[in-house]
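Since every read-out is calculated from the coordinates, none of them should be taken as a lab result. Everything numeric in this text was worked out from a predicted model, so none of it was measured. Note that we place each Cβ from the backbone using ideal geometry, even for glycine, and neighbour counts take in every protein chain shown.
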Amino acid sequence: MVFSPIRLGFLDVVVFIIPLLRFVQIEVVGRLYLTEILLALLLFPLLATSGQRLSKRMPLAFISLLILWLTAQVVSDLVRLIPFDDFSRGWSKIVFTLINFCVLYLLLYGKPKRLLLFIAGAALGDIIMYYVAPSHHGVTYPWKFGYGLGMV
C-alpha cells in the first residue's frame, strides 16, 4: 500500500497555527490573545472571498443574536454610566466572539481536514500553555486543569 503525502494549503497551516498560539497573551485594556488578533486579521480577506456563506440560516441566526447582545450591552452600559475600562472589556469580548465565530465558520465549515487540524492545534496549544503559562489550578491539578484536556 502506497501512501501519498498530505497536501496542506496556506489556510490549512493557518488553521493549525491559530489555536496552537493561544498561550500568547497581550495586556491592552484587558487580556488579548494572539489567536484573536490573527482571527481578526483574517476576517476581511475571508469575507471578501467567501463571506456569502455567512448568510445561511444557522450562522446568520448566531450573528444576529451576537449583535442583539452587543446592542443590549451598549444601551445598558450607557444608561448605567459604566466606567470606560469596564464596558470596553465587555464590548470587546462580544465583538471578538463575533469575529472568531465568523472566521472559524468560514475556515472550518464543510472542511473536515481543517477541522482535524484545528483540533490538533488546540490540543497541542493546551499542552504548550501548561508549560509556558500554567494557571494556578493547572499547577495544583495538572491533569485536570493543565495538560489533561490537550492529551484527551
_Hydropathy at least 0.5 by Kyte-Doolittle, axial extent at least 24 angstrom from the Cα trace: which helices of the chain, defined as entire DSSP H runs, fit?_
57-79, 84-108, 112-132
*Starting from the Cα-Cα distance between Thr140 and Leu41, subtract it from 0.36 nm times their residue separation and give me the gain in nm to one decimal.*
32.0 nm
*Please identify the longest segment of the chain free of exposed trypsin sites (Lys or Arg not before Pro), where exposed means a DSSP state other than H, G, I, E or B and no more than 11 other Cβ atoms within 10 Å.*
81-152
*Could you line up Ile26, Ile119 from fewest to most neighbouring Cβ atoms inside 10 Å?*
Ile26, Ile119
*Over the stretch 47-130, what number does the Rg to Rh ratio reach, with both radii from the alpha-carbon atoms and Rh per Kirkwood?*
1.09
_Give me the one-decimal nm value for the distance between modelled label points at Lys111 and Arg89, 7 Å along each residue's Cα-to-Cβ direction._
3.4
*Relative contact order, percent, the chain [alpha-carbon distance under 8 Å, six or more residues apart]*: 32
*Where does the chain land on the Kirkwood hydrodynamic radius, alpha-carbon pairs, in angstrom?*
17.6
*Suppose every K and R has +1 on its Cβ and every D and E has -1 on its Cβ; what is the size of the dipole of the chain about the Cα centre, in Debye to the nearest 20?*
540
_What distance in nm lies between label points placed 7 Å from Cα along the C-beta direction at Arg7 and Trp69?_
3.9
*Within the chain, what is the number of lysine pairs with alpha carbons under 28 Å apart, leaving out pairs fewer than eight places apart on the same chain?*
5
*Report the percentage of all Cα-Cα pairs in the stretch 86-152 whose separation exceeds 14 Å, rounded to a whole percent.*
68
*In the stretch 1-76, the chymotrypsin sites (Phe, Trp or Tyr not before Pro) that fall in loop regions by DSSP, at most 12 other Cβ within 10 Å*: Phe3
